[in-house]
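Notes to accompany the following structure.
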Amino acid sequence: MSAVTVAKKIRLGLWLLLAPLFLWLVLLIILPHFELLAFSLIDPEDQGFTFEFYLEFFQEPLYWRTFLRTAVMSILATILTLVIAFPVAFYIAKMLRGRSKGIVFAMCLIPFWVSELVRTFGWMILLRESGVISNFLQWSGLASGPVELLYTDATIMLGLVYTSMLFMVVPLVSTLDSLDDSYIEAGYDLGGSNWDVMREIIIPHAVPGIVSGCIIVFMLSLGNYLTPVLLGGKDSLWFTEQIYTQFITRFNWEQGSAFGLLLLLLSSLIVWAGLKATGQSFTKTMG
Amino acid sequence: MSKSSMPKSVTSKTAQSVASDLNPPNIDLACENICKQFAGFTAVDNVSFTIPQGSFFSILGPSGCGKTTLLRMLAGFEHPSSGDIVIKGQSMLGVQPNKRPVNMVFQHLALFPTMNIEQNIGYGLRRLGVAKPEIVQRVAAVLARVGLAGSGNKEVGQLSGGQRQRIALARCLVLNPTLLLLDEPLGALDLKLREHMKIELKQLQKEFGTTFVYITHDQSEALVMSDQIAVMNQGKFEQVGTPHQLYYQPRTAFVAGFVGDSNRWQGVVDSSSDQYLSIKTSDGLSIKGAPQNAAILSSGEAVELFVRPEAINVSREPQAAVSDNQFKCIVDTILFDGAKSQIIAIEEQSGGKITVILPQTADFYDLKKSDDLYLQWTAGQALCFSVDNLAIESADETHSVSEG
Amino acid sequence: MIPSIKQSKIFNRLYISYLVWFFVFLAAPLIVVGVFAFNDSLFPSFPWQGGTLDWFFSDSGKKIGIFHDSELLGSIGLSIMIAFMATFFAVLVACSNAFLFERYDFPGKSLLYVLMLLPLVIPGVLLGVSILVFSSEIANYFEDYWMIDLEFLRPGITLVVIGQFAFITTISTLIIAARLRKFDRTLEEAALNLGASPFVAVLTITIPYLKPAIIGAAIVCFLMSFENFNTTFMLVGSDAPLTVAMFERLREGSTPVLNAISVLLMLGSGLLAIANISLQKKQQ
């Protein structure tokens, strides 16, 4: 009899805790995206089913080229970030001990506590025609006149890599931290070279961290708005800008919804492919 | 219990009052036919026992025998599938853990890391709504009694293992519980400290006079501290008795094997007389032993035979006054471990192995492998238990020294 | 490559210099932003015109310092208010979620967990527009059929709070659940055993244990909300929070007042970061 009342109490607690989760997920995540789907498939004129907004995307080269460009550059940015972050994460996780480890790790993190806007603003001051680097090049005689370093694809790439660096370093450091030094020592002891140990011991162990870092960096790049707009200038084409234009400037919500869903589809596909290729599960890498 | 002999017509209320009249009021805990089934298996199987006030009661058993489940039922964290738990005459069925006059020292002590010592000990008093000045005073008093006066402001992390142990006890004892449950609290300590804490626990129990229910898989802890021990196996109590009884008069083969060390043989009865049984072990020894089960053993029946290494007399020359059993052996291995050193000897004729304690007398100082050795023991020291044939077939080891 | 395995000197030097360059790369934009806040010029660029604090304190002329720029000050206030509200609700729901996922087993739990993680991988812009579209639809419905004007569902502060709440809740859930996972449940049993009711046990034992994680989550949430741009940008009405206001100014052509405000942001974030790090240390 007491077991029954206990079970009842447990069930009541379960429902009480489920309620806010449900409200949050259903009202703020699931239904809004279904609404987006409905918008993209329903003709506002006659309320009928239509594919026209998706067709529009494929028929207008500007749209699908921007889409492809966004995807390719995001993948590239992800790879670059990984390559740049890995040696740093390795140094922090494996070469440093105790206090100095904490300090260097914090040095990596602190820049990212500052708003993305401030960081991007900093790059603008550095890179623009009247900027610090241009001035430095002229002063040192390497350039004869002002050099414009903003508004190129390379600048966008730089901004994307910079912005996402933290989200690669942190998961890498934590997985590398969990690799016991004795495995690495055993790798050398059994006759491995630097390259062998890296390829056969360290990288396989770090896969979960690499995957979760890559997923987050990729999503952040794909969904970035500030960096392409501010560093890429007027001609930069980024798909989030297209979505913004459709929604806010042109007030074409149907077209914007279709774009949004295409972006979501693309990101889900690439993340899914990445997880499949590396044999990781979404819950484990993200949670 | 006398309660069970009450006539059925008496209502439960009068039964209880009559019971408390008949029963001296010093029974703190009575468990009546407790069963606990989990999906697919029975953790506790029809266990009944009573614990008199102020005694130290241990439940001894291997891991997975159901002792933890039993203790958690006493504390109220599990609910018995059937049976009743009665504390001081009150049934505990349906009583929430926080309403029971029972406190528990957890296996890893469960001292609250977010509180200092004083707050830890005062936790239960605060729940009772005791006034602040009284809490301060009672906490200080109990700290003094466990020998840690003045350490109320320390954090849990600042104390040593033994001190934490005492804080965990004090946290319970300050509430004056009817029953104190202890869930292998010494398990996490290192050997030396454990030996020390055994004695200290026993002393504290005597001082406070609280009834302790102590569960452990360590026979030495149980033997040293307890007034009564219940040996538990596969959800059942095999035997309840004093440490002395369990050691000298084990009632089942399990108890004989679990409490203390033993030479253990499988064998069959050769012949029986009034005084003893003659048994042929599976490795060829002929041993005279005393039957422990009430059942009369006849020739050809399978038995298990236990002889404690420390009960065997060891000499380098044959003894004139011949004991019931005497074997000429040669030393096979000496396992040197100071006072606990053992000799594994091989009986000359059959090749059977016998383990004995190495006496630390001058006679044996230069004992070495292949030396001759004479072993003697009386039939009364060789305990025989009948076993069903199935068990003997499945037992692949014919001789072993079991350690509890 | 670990300290016990000696590498050649050249390798070590290359490695160290790589790290130095990495940190120069990390720090450079922040340093220039900070330095030009003190340049006595109308533009945040060379030439250096000498140091000044005008971009903080000047109240007249061409240079209006941040402490006299009522528009930016107002947007800071607005951002703080939004951040407080979003953080409060996010941490509240996160605590509930943490208990749900760590303490209960129920059918569909793993599916719900995946759904709970989704906001991490939905681009912020998209989260913003989907909430915009959905809330507008509801508002339109109420207006058309019930003649009720639900102002808070139109772009504005409430919607910004809702939008930020939608994704920072996931982050704080992960932080708090991670701590709760490490909690030894026998501590709660001990509390029950000492006479606490289940509710009191959670209140007196579990919540104090979670406190560092709750504060840490609140700090992270506050900053994520305060600095958020993508989702906020899609949901703002006429009142602009700080990031949106700064973005508008940047597009117009910036004055060093933006550097000044960036310096303040860096100081604020830095303090919160240090608070958080020391909190994590204490937690261990």
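For segment A:7-37, the set of residues classified as more than 7 Å from chain C (Cβ to nearest Cβ) and touching a residue at least 40 places away in the same chain (Cβ under 8 Å) consists of A:Leu37 only. Just one of the listed residues (C:Ser4, C:Ser8, C:Ser70) is facing chain A (nearest Cβ under 9 Å), exposed (fewer than 14 other Cβ atoms within 10 Å of the Cβ) and polar (S, T, N, Q), namely C:Ser4.
For segment B:323-348, residues that are part of a loop (DSSP other than H, G, I, E, B) and free of Cβ contacts under 8 Å to residues at least 24 places away in the same chain total 5.
Looking only at segment A:213-228, residues that are of a type in the set (Ser, Thr, Tyr) and more than 10 Å from chain C (Cβ to nearest Cβ) come to 1 in all. Note on segment C:171-233: enclosed helices (runs of 4 or more DSSP H) holding 1 or more residues that are within 14 Å of the chain's Cα centre (by Cα) are C:207-227. Please enumerate the residues belonging to segment A:81-98 that are at pLDDT below 85 and in a helix (DSSP H, G or I). Answer for segment A:81-98, where residues must be at pLDDT below 85 and in a helix (DSSP H, G or I): just A:Gly98.
Of the residues making up segment C:203-232, just one is among the charged types (D, E, K, R) and surrounded by fewer than 20 Cβ atoms within 10 Å (Cβ to Cβ), namely C:Lys211.
Do we find a residue being among the hydroxyl-bearing types (Ser, Thr, Tyr), closer than 18 Å to A:Ala77 by Cα, more than 10 Å from every other protein chain (Cβ to nearest Cβ) and in a loop (DSSP other than H, G, I, E, B) anywhere in segment A:229-244? Yes, the conditions are met somewhere in segment A:229-244.
C:Ile274 fails exactly one of the following numbered conditions: (1) at the interface with chain A (Cβ under 10 Å from one of its Cβ atoms); (2) surrounded by fewer than 17 Cβ atoms within 10 Å (Cβ to Cβ); (3) in contact with a helix residue (DSSP H, G or I) (Cβ under 8 Å, 6 or more places away or on another chain). What is the number of that condition? Result: C:Ile274 passes all but (3). Would you check which residues across segment B:94-107 are within 7 Å of another protein chain (Cβ to nearest Cβ) and either over 24 Å from the mean Cα position of the chain (by Cα) or at pLDDT below 90 (or both) and list them? Once the filter is applied, which keeps residues that are within 7 Å of another protein chain (Cβ to nearest Cβ) and either over 24 Å from the mean Cα position of the chain (by Cα) or at pLDDT below 90 (or both), segment B:94-107 yields B:Gly94, B:Pro97, B:Asn98.
Residues in segment A:176-199 that are away from chain C (no Cβ under 11 Å) and either among the basic types (Lys, Arg) or in contact (Cβ under 8 Å) with a residue 40 or more places away in the chain (or both): A:Asp177, A:Arg199. I'd like the residue in segment B:148-177 that is more than 15 Å from B:Met115 (Cα to Cα) and over 29 Å from the mean Cα position of the chain (by Cα) and, out of all such residues, is surrounded by the fewest Cβ atoms within 10 Å (Cβ to Cβ). The qualifying residue surrounded by the fewest Cβ atoms within 10 Å (Cβ to Cβ) is B:Gly150. Filter segment C:29-47 down to the residues that are within 10 Å of chain A (Cβ to nearest Cβ) and in a loop (DSSP other than H, G, I, E, B), then identify the one that is surrounded by the most Cβ atoms within 10 Å (Cβ to Cβ). Looking at the filtered set, the residue picked out is C:Pro44.
For segment A:245-264, a tally of residues being among the β-branched types (Val, Ile, Thr) and either more than 8 Å from every other protein chain (Cβ to nearest Cβ) or in contact with a Cys (Cβ under 7 Å, 6 or more places away or on another chain) (or both) returns 2. List the number of the failed condition for A:Ser74; all other conditions in (1) farther than 25 Å from C:Ile31 by Cα; (2) facing another protein chain (nearest Cβ under 10 Å) hold. Unmet condition: (2). Residues satisfying the criterion are present in segment C:214-231 (criterion: among the charged types (D, E, K, R) and in contact with a helix residue (DSSP H, G or I) (Cβ under 8 Å, 6 or more places away or on another chain)). Report yes if some residue within segment B:188-206 is assigned to a strand (DSSP E or B) and not assigned by TED's automatic domain parsing to the domain that holds B:Arg308; otherwise report no. Scanning segment B:188-206 turns up no residue that is assigned to a strand (DSSP E or B) and not assigned by TED's automatic domain parsing to the domain that holds B:Arg308. For C:Leu26, the criteria (1) in contact with a Cys (Cβ under 9 Å, 6 or more places away or on another chain); (2) more than 7 Å from every other protein chain (Cβ to nearest Cβ) hold in every case but one, which is (2). For segment B:300-317: of the residues being of a type in the set (D, E, K, R) and farther than 11 Å from B:Ser262 by Cα, which is nearest to the chain's Cα centre (by Cα)? Once the filter is applied, the top-ranked residue is B:Glu304.
Residues of segment B:217-236 that are surrounded by 19 or more Cβ atoms within 10 Å (Cβ to Cβ), in contact with a Phe, Trp or Tyr (Cβ under 9 Å, 6 or more places away or on another chain) and either closer than 26 Å to B:Phe38 by Cα or of a type in the set (D, E, K, R) (or both): B:Glu221, B:Ile229, B:Ala230, B:Val231, B:Asn233, B:Gly235.
Residue count for segment A:35-53 satisfying the condition of being surrounded by fewer than 13 Cβ atoms within 10 Å (Cβ to Cβ) and either modelled with pLDDT of 90 or more or not in a loop (DSSP other than H, G, I, E, B) (or both): 1. Determine whether segment A:119-129 contains at least one residue that is farther than 27 Å from C:Phe247 by Cα, more than 7 Å from every other protein chain (Cβ to nearest Cβ) and surrounded by fewer than 21 Cβ atoms within 10 Å (Cβ to Cβ). Within segment A:119-129 (the criterion being farther than 27 Å from C:Phe247 by Cα, more than 7 Å from every other protein chain (Cβ to nearest Cβ) and surrounded by fewer than 21 Cβ atoms within 10 Å (Cβ to Cβ)), the answer is no, since none of the residues qualifies.
Selection of segment B:108-134 for residues being within 7 Å of chain C (Cβ to nearest Cβ), closer than 15 Å to C:Leu187 by Cβ and in a helix (DSSP H, G or I) yields B:Tyr123, B:Gly124, B:Arg127. Which members of segment A:223-259 meet the condition of being of a type in the set (Gly, Ala, Ser), surrounded by fewer than 22 Cβ atoms within 10 Å (Cβ to Cβ) and either within 28 Å of C:Ser136 (Cα to Cα) or out of contact with any helix residue (DSSP H, G or I) (no Cβ under 6 Å at 6 or more places or on another chain) (or both)? Once the filter is applied, which keeps residues that are of a type in the set (Gly, Ala, Ser), surrounded by fewer than 22 Cβ atoms within 10 Å (Cβ to Cβ) and either within 28 Å of C:Ser136 (Cα to Cα) or out of contact with any helix residue (DSSP H, G or I) (no Cβ under 6 Å at 6 or more places or on another chain) (or both), segment A:223-259 yields only A:Gly233. Of all residues being out of contact with any Ser or Thr (no Cβ under 7 Å at 6 or more places or on another chain) and away from chain A (no Cβ under 11 Å) in segment C:233-247, which is surrounded by the fewest Cβ atoms within 10 Å (Cβ to Cβ)? Just the residue, please. Among those that are out of contact with any Ser or Thr (no Cβ under 7 Å at 6 or more places or on another chain) and away from chain A (no Cβ under 11 Å), it is C:Ser238.
May I ask you to list the residues in segment B:51-104 that are among the aliphatic types (A, V, I, L, M), part of a strand (DSSP E or B) and free of Cβ contacts under 8 Å to residues at least 60 places away in the same chain? If the condition is that a residue be among the aliphatic types (A, V, I, L, M), part of a strand (DSSP E or B) and free of Cβ contacts under 8 Å to residues at least 60 places away in the same chain, then B:Ile85, B:Val86 are the ones that fit.
Within segment C:175-199, residues that are on the phi > 0 side of the Ramachandran plot have Cβ atoms under 7 Å from residues that are surrounded by 19 or more Cβ atoms within 10 Å (Cβ to Cβ) and small (Gly, Ala, Ser) in these pairs: C:Gly195/B:Gly124, counting only partners at least 6 apart in sequence or on another chain. Of all the criteria given as (1) within 8 Å of chain A (Cβ to nearest Cβ); (2) part of a helix (DSSP H, G or I), the one not satisfied by C:Asn140 is (1).
The values are calculated or read from the model by the stated rules, or taken from the named source; none is laboratory data. Note that the structure is predicted; figures quoted are calculated from it, not measured. Cβ coordinates were reconstructed from backbone atoms using ideal geometry, including for glycine residues, and neighbour counts include every protein chain displayed.
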